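**Q** Have a look at the structure that comes next, please.
FYI, it's all coordinate maths here, none of it is from the lab. What you are looking at is a predicted structure, and each value in this text was computed from that prediction instead of being measured. Reconstructed Cβ throughout: ideal geometry from the backbone, glycine too, with neighbour counts over all protein chains shown.
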Ligand code: RUB
């Protein structure tokens, strides 16, 4: 992991981190973003295997399942987190159920964790390539929050020589949009930051909107940072197409069986200062950090397996279920 002056978190490979530290870094949002937290959790499972002495199959299996449960619970909305953990632990379970030795089960788990991190990073290249092609020369693209998948699309379009201009919504209350702007500016892109409430004014100057995803439901609805659905609504009104960039492990299989995505609500101090809260104790603060963009406001979802319309989300989910 590396930190830059404005603390842009990266998980650009398997990280050496124990489960408790990974859990608290995800929970406290020192590492945030759906892809990064999934890679961090997979890394922590690998680290757990490497540091456990247990040679008892049963005991090892039960313990790693508990560790997985802990990691899954660190944040509630990004389904990449449980999916990432479940994909890794599916190999553990398969090896355990096949009656293999504790060493073999451990090896299978390590391989699966490494593979997950590798696939997750590789997905950005493909998402960038496919999504970048959909952006036209000279487009102005509006984006929100700090999504590595969305950034891949924008970087790729820039690298294809399309001369794009990017508008970043700053993304209150934690200003993840500033991180996106910093990353893209460092990459050489033309970037402008706007306050979130200026989105409707600026979307009229945009040709396309691009966002990431924390979860994609079976009907193609995209759960992403709060404000995304508002941006999507004004983009739809202005006939500006919204592209959501999402690795396939962000699709939420349980929505096929009626589950809804839990929307995380964070502390009031992220919205107002402690002094303010003390001075006005009767003011209620609400701080939901994600919202749901309906499929009718989404043009396409770009995954590493190709570009799909939101109505094809169930096909991705069917493939995903087989991995878990
Ligand atoms: C981050 C956020 C991002 C998605 C996708 O929210 O909403 O748009 O997670 O990001 P938070 P990525 O900062 O609260 O985690 O494409 O990097 O997975």
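**Q** With the cut-off at 21 Å, report for the range 176-324 the share of all Cα pairs above it, as a whole percent.
**A** Tail of P(r) above 21 Å: 53 percent of Cα pairs.
**Q** Taking only the C-alpha atoms, wrap a convex hull around the range 76-201 and report its volume per residue in Å³ as a whole number.
**A** Per residue, the Cα convex hull of the range 76-201 comes to 132 Å³.
**Q** Additional query: Angle check, please: helix 148-159 long axis (alpha carbons) against the longest principal axis of the chain (alpha carbons), in degrees 0 to 90, nearest 10.
**A** Taking the Cα atoms of the chain, the angle to 148-159 is about 60 degrees.
**Q** Provide Rg and Dmax in Å for the chain, with only Cα atoms included in the calculation.
**A** So, for the chain, Rg and Dmax equal 20.0, 62 Å respectively.
**Q** Further question: Counting other C-beta atoms within 10 Å, which of 191, 11 has the fewest, and how do the rest follow?
**A** Values: 191 21, 11 26.
Least crowded to most crowded, the residues run 191, 11.
**Q** Moving to a separate point now. Would you kindly work out the equivalent ellipsoid of the range 2-124 from its C-alpha gyration tensor and give its semi-axes, the square roots of five times the eigenvalues, largest first in whole Å?
**A** Over the Cα atoms of the range 2-124, the ellipsoid semi-axes are 25, 14, 12 Å.
**Q** How would the range 152-213 be classified by its alpha-carbon gyration tensor: rounded, prolate or oblate, with rounded meaning a/c under 1.5 and the a/b versus b/c comparison settling the rest?
**A** Verdict is oblate for the range 152-213.
**Q** Against the longest alpha carbon principal axis of the chain, how many degrees, from 0 to 90 and to the nearest 10, is the axis of helix 102-133 turned?
**A** The two axes meet at around 20 degrees.
**Q** With both partners inside the chain, how many of the DSSP beta bridges are antiparallel, as a percent to the nearest 5?
**A** The antiparallel fraction comes to roughly 30 percent.
**Q** Relative to the longest principal axis of the chain, what angle (0 to 90°, nearest 10) does the C-alpha long axis of helix 313-323 take?
**A** It is inclined by approximately 20 degrees.
**Q** Quick check on packing: order 308-314, 273-279, 44-50 by the mean number of other C-beta atoms within 10 Å, highest mean leading. Display every interim value, and only then the final one.
**A** Working: 308-314: 16.9, 273-279: 10.6, 44-50: 22.4.
Highest mean packing first, the order is 44-50, 308-314, 273-279.
**Q** Given the DSSP H assignment, sum -39500 (n - 2.57) over each helix run of at least 4 residues in the chain and divide by its residue total; what's the result at 222 nm in deg cm²/dmol, nearest 500?
**A** Taking each H run of at least 4 residues, the total per residue is -14500 deg cm²/dmol.
**Q** Going 7 Å from the Cα of residue 278 along its beta-carbon direction, which residues of the range 167-210 have the amide nitrogen within less than 12 Å of the resulting point?
**A** Those under the cut-off are none; the list is empty.
**Q** Arranged from highest to lowest average of other beta-carbon atoms within 10 Å per residue, in what order do the peptides 222-230, 22-30 appear?
**A** Order by mean packing, descending: 222-230, 22-30.
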